[in-house]
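Let me begin by presenting the structure, written as structure tokens, before commenting on it.
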Amino acid sequence: MKHFLEGSFAVAEIVKLCKPGVISAYPITPQTHIVEELAQMVADGELDSQFVNVESEHSAASVVLGAVATGVRAYTATSSQGLLYMGEVLFNIAGLRLPVILTCANRAVSAPINIWNDHQDSVSMRDTGWIQLFAEDNQEVVDLHLMAYKLGEDKSMMLPVMVCMDGFILTHGIETVDIPTQEQVDKFLPPYSPLYKLDPANPLTLGPLVDPDAYMETRYAIQETLKDALKLIPQITADFAKIFGRHYNGLIEEYKLKDAERVIVAMGSVCGTIKDVVDELRAKGKKVGLLKITSYRPFPEQEIYEALKNVSKVGVLDRALSLGSYAPLAGEMKAVFFGKKKKPQIISSFVAGLGGRDITKNSIKEIFRLLTTKEKACEFIDLKPELLKEKYE
Amino acid sequence: MFGPLVVKPGSSRKNKTGSWRTELTPKFLKKNCTGCKLCMSVCPEGCIIEGSEKNQLACDYEYCKGCGACAVVCPKGDIIMVKESKEEAK
């Protein structure tokens with residue numbers, strides 16, 4: 001049924017329908033409304049779940065780790081500093097192959113402190129072994145949560161999934177969202193059935209010391225499993241479409257790429273703005289397009305190659321940095337095409353929207369304008385040079 | 001695909017950790033042993049094999065780490081530490 005809902009409440013609604021046995025979270029802007037709403041649902045008896053209040057994100061992540069280790073479906077959500085504070089536990093959750101589902105309300109990272117949107121938090125956690133899916137709008141946010149549980153809990157995966165939604169833009173944006181019924185969700189998502197669990201009746205040690213004889217194999221296993229996820233994700237989106245009628249690729253989305261000469265590659269809500277600009281420029285006869293990356297981890301290298309091999313000018317829009325090097329997504333895009341015969345003439349790198357600076361239609365048009373034969377490296381869009389004249393001597 | 005992440009009970013016995021032993025190995029001379037079992041009480045690995053009478057206590061080298069506590073505590077000096085290569089106790 002369609003509801004006119006704030007993004008955070010839409011997340012709470014879909015999480016409720018997934019019936020996690022344990023929820024644990026620590027409030028942080030802009031994630032707060034999600035877990036407030038879930039806490040209310042539990043308090044009102046609408047959701048039969050144990051809501052564990054904790055003193056920090058490190059503890060919240062540890063609680064959901066423990067919950068899934070005992071064979072229970074679990075959920076947590078966080079943002080920015082909170083995600084970084086979970087960092088150590090995030091590695092453990094993936095390393096122990098526990099399919100925790102986490103919503104990251106994407107927000108900039110301190111210092112200076114800033115509560116607004118960019119992707120630095122989840123991008124900084126890209127090497128943890130978590131699957132990371134980026135949503136464009138709140139319908140996709142809802143649908144990705146449902147698919148995240150199905151994907152992570154698949155017996156061949158057993159990996160945690162982070163659903164990334166832009167802070168404020170999506171978490172506090174109010175949109176019409178189709179929330180499925182409990183029957184539909186139950187048909188799509190079976191109860192969680194672990195491969196192993198902590199159980200006093202059948203004792204085992206989960207996560208013992210693994211010495212040099214066997215550690216590499218545990219890491220190799222995750223690497224290979226994430227490659228398999230690239231095959232499983234399209235199967236799950238196809239199953240999803242059968243029940244819910246909405247079609248996703250799940251890895252990438254190609255928007256008007258067929259004859260495109262200039263294409264922007266981006267993740268998250270900015271893709272909506274880019275689509276509008278693409279439509280406007282197409283109406284004027286410009287051959288432009290968008291490649292949206294939904295699955296940042298695993299990185300769909302082959303699909304990206306196929307989508308962009310005939311495009312001459314590619315601009316990669318990053319909302320995060322790897323300070324001192326290429327912007328994160330741009331570096332990986334270049335890696336996709338290195339050594340290939342068919343490849344873009346240029347792959348330019350643009351950084352925009354850090355710390356919540358609006359990426360307007362004009363920002364996107366500027367990027368398309370700068371997509372010339374001259375390759376740009378880490379070009380900051382909408383930068384204010386007048387603010388760089390501070391002197392502290 | 002999965003790597004080794006889960007261990008069932010009994011792994012301390014299954015894993016023959018004697019391979020970690022230092023170059024020194026306790027040798028039970030079995031000459032002046034009184035059967036006081038002080039060596040058993042101090043062994044951090046619990047790998048002294050109990051005998052019911054004197055001169056019957058022995059070391060289980062599949063788990064012994066060669067710490068030497070048994071040799072130090074033996075009131076009769078009946079346990080000595082020897083270099084692994086010269087060790088004849090096995």
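The values are calculated or read from the model by the stated rules, or taken from the named source; none is laboratory data. Since the structure is predicted, the reported quantities are computational estimates derived from the model, not experimental observations. Using ideal geometry, Cβ is built from the backbone for each residue, glycine included, and neighbour counts are taken over all protein chains shown. Surface accessibility is based on the protein's heavy atoms, side chains included, excluding ligands, DNA and RNA. Shrake-Rupley method; radii C 1.70, N 1.55, O 1.52, S 1.80 Å.
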Next item on the list: Report, by residue number, each residue of region A:338-356 that is over 19 Å from A:Leu291 (Cα atoms) and in contact (Cβ under 8 Å) with a residue 40 or more places away in the chain.
Entry: A:Leu354, A:Gly355, A:Gly356
Margin query: Residue under question is A:Lys231, and the condition is that it be open to solvent by 70 Å² or more (accessible area, probe 1.4 Å), modelled with pLDDT of 95 or more, within 12 Å of chain B (Cβ to nearest Cβ) and on the phi < 0 side of the Ramachandran plot; does it hold?
Written below: no
Check: Within region A:37-52, which residues are over 21 Å from the mean Cα position of the chain (by Cα) and in contact (Cβ under 8 Å) with a residue 12 or more places away in the chain?
Finding: A:Glu37, A:Ala39, A:Met41, A:Val42, A:Glu46, A:Leu47, A:Asp48, A:Ser49, A:Gln50, A:Phe51, A:Val52
Check: Limited to region A:202-214, what total is found for residues that are facing chain B (nearest Cβ under 7 Å) and out of contact with any Gly (no Cβ under 7 Å at 6 or more places or on another chain)?
Finding: 7
Next item on the list: Determine whether region B:61-84 contains at least one residue that is within 14 Å of chain A (Cβ to nearest Cβ), open to solvent by 90 Å² or more (accessible area, probe 1.4 Å) and touching a residue at least 24 places away in the same chain (Cβ under 8 Å).
Entry: no
Checklist line | Sole residue being buried (at least 24 other Cβ atoms within 10 Å of the Cβ), modelled with pLDDT of 95 or more and farther than 26 Å from A:Leu230 by Cα, chosen from A:Asn117, A:Asn106, A:Asn138 | finding: A:Asn117
Next item on the list: Could you tell me which of the residues A:Lys155, A:Lys150 is within 14 Å of chain B (Cβ to nearest Cβ), in contact (Cβ under 8 Å) with a residue 24 or more places away in the chain and open to solvent by 10 Å² or more (accessible area, probe 1.4 Å)?
Entry: A:Lys155
Next item on the list: Within region A:273-290, identify whether any single residue is charged (D, E, K, R), in contact with a helix residue (DSSP H, G or I) (Cβ under 7 Å, 6 or more places away or on another chain) and at positive phi, and answer yes or no.
Entry: no
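Conditions (1) over 29 Å from A:Pro203 (Cα atoms); (2) within 14 Å of chain A (Cβ to nearest Cβ); (3) out of contact with any strand residue (DSSP E or B) (no Cβ under 6 Å at 6 or more places or on another chain); (4) open to solvent by 80 Å² or more (accessible area, probe 1.4 Å), marked per residue:
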{"site": "B:Gly3", "(1), (2), (3), (4)": "no, yes, yes, no"}
{"site": "B:Gly10", "(1), (2), (3), (4)": "no, yes, yes, no"}
{"site": "B:Ser19", "(1), (2), (3), (4)": "no, yes, yes, yes"}
{"site": "B:Lys27", "(1), (2), (3), (4)": "yes, no, no, no"}
{"site": "B:Asn32", "(1), (2), (3), (4)": "yes, no, yes, yes"}
{"site": "B:Cys36", "(1), (2), (3), (4)": "yes, no, yes, no"}
Checklist line | Candidates A:Glu306, A:Glu217, A:Glu280 - the one that is modelled with pLDDT of 95 or more, surrounded by fewer than 16 Cβ atoms within 10 Å (Cβ to Cβ) and within 13 Å of chain B (Cβ to nearest Cβ) | finding: A:Glu217
Note to self: Could you check region A:335-361 and list, in sequence order, the residues that are more than 18 Å from A:Asn117 (Cβ to Cβ), out of contact with any helix residue (DSSP H, G or I) (no Cβ under 9 Å at 6 or more places or on another chain) and open to solvent by 20 Å² or more (accessible area, probe 1.4 Å)?
What the structure shows: A:Phe338, A:Gly339, A:Lys341, A:Gln345
Notebook entry, point to check: Are any residues in region A:251-275 assigned to a loop (DSSP other than H, G, I, E, B) and farther than 9 Å from A:Gly289 by Cα, and if so, which ones?
Noted result: A:Leu251, A:Met267, A:Gly268, A:Ser269
Note to self: Pairs needed: first member in region A:80-93, within 11 Å of A:Trp130 (Cβ to Cβ) and without any contact (Cβ under 8 Å) to a residue 60 or more places away in the chain; second member anywhere, small (Gly, Ala, Ser) and outside any helix (DSSP H, G or I); C-beta distance under 8 Å; at least 6 residues apart or different chains.
What the structure shows: A:Phe91/A:Gly129
Note to self: Kindly evaluate A:Asp199 against the criterion of being within 14 Å of chain B (Cβ to nearest Cβ) and at pLDDT 95 or above.
What the structure shows: yes
Notebook entry, point to check: Within region B:41-52, which residues are surrounded by fewer than 18 Cβ atoms within 10 Å (Cβ to Cβ) and closer than 10 Å to B:Val73 by Cβ?
Noted result: B:Ser41, B:Val42
Note to self: Which condition from (1) crowded, with 24+ Cβ neighbours inside 10 Å; (2) within 14 Å of the chain's Cα centre (by Cα) is the one that A:Pro99 breaks?
What the structure shows: (2)
Check: Can you tell me which residues in region A:79-95 are within 14 Å of chain B (Cβ to nearest Cβ) and among the hydrophobic types (A, V, I, L, M, F, W, C)?
Finding: A:Phe91, A:Ile93, A:Ala94
Note to self: Against the definition (on the phi < 0 side of the Ramachandran plot, touching a residue at least 24 places away in the same chain (Cβ under 8 Å), among the hydroxyl-bearing types (Ser, Thr, Tyr) and open to solvent by less than 10 Å² (accessible area, probe 1.4 Å)), how does A:Ser59 come out, yes or no?
What the structure shows: no
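Here's the yes/no breakdown for (1) touching a residue at least 40 places away in the same chain (Cβ under 8 Å); (2) within 21 Å of A:Val11 (Cβ to Cβ):
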| residue | (1), (2) |
| --- | --- |
| A:Gln184 | yes, yes |
| A:Phe188 | yes, yes |
| A:Gly207 | yes, no |
| A:Thr218 | yes, no |
| A:Ile222 | yes, no |
| A:Gly250 | yes, yes |
| A:Tyr255 | no, no |
| A:Ala283 | no, no |
